[in-house]
């Protein structure tokens, strides 16, 4: 099953993102859409 997960404003929140990834049990075929700021974004 392919899942689509939308996650917003993850910049500066690596620990929270890592916790979410573990909780959601991400699979290789999952699609992740980031909304707003992203980790490592410049500009």
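A compact table of results
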read-out	value
Gain upon complete extension [residue 34, residue 11; 0.36 nm per residue less C-alpha separation]	7.3 nm
Most to least packed among 21-32, 2-13 [average Cβ atoms within 10 Å]	2-13, 21-32
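Any read-out appearing in this document is the output of simple, stated calculations on the displayed coordinates, not a laboratory observation. As the structure is a prediction and not an experimental result, all values here were calculated from the model. Glycine gets a Cβ as well: all are built from the backbone with ideal geometry, and neighbour counts include every protein chain shown.
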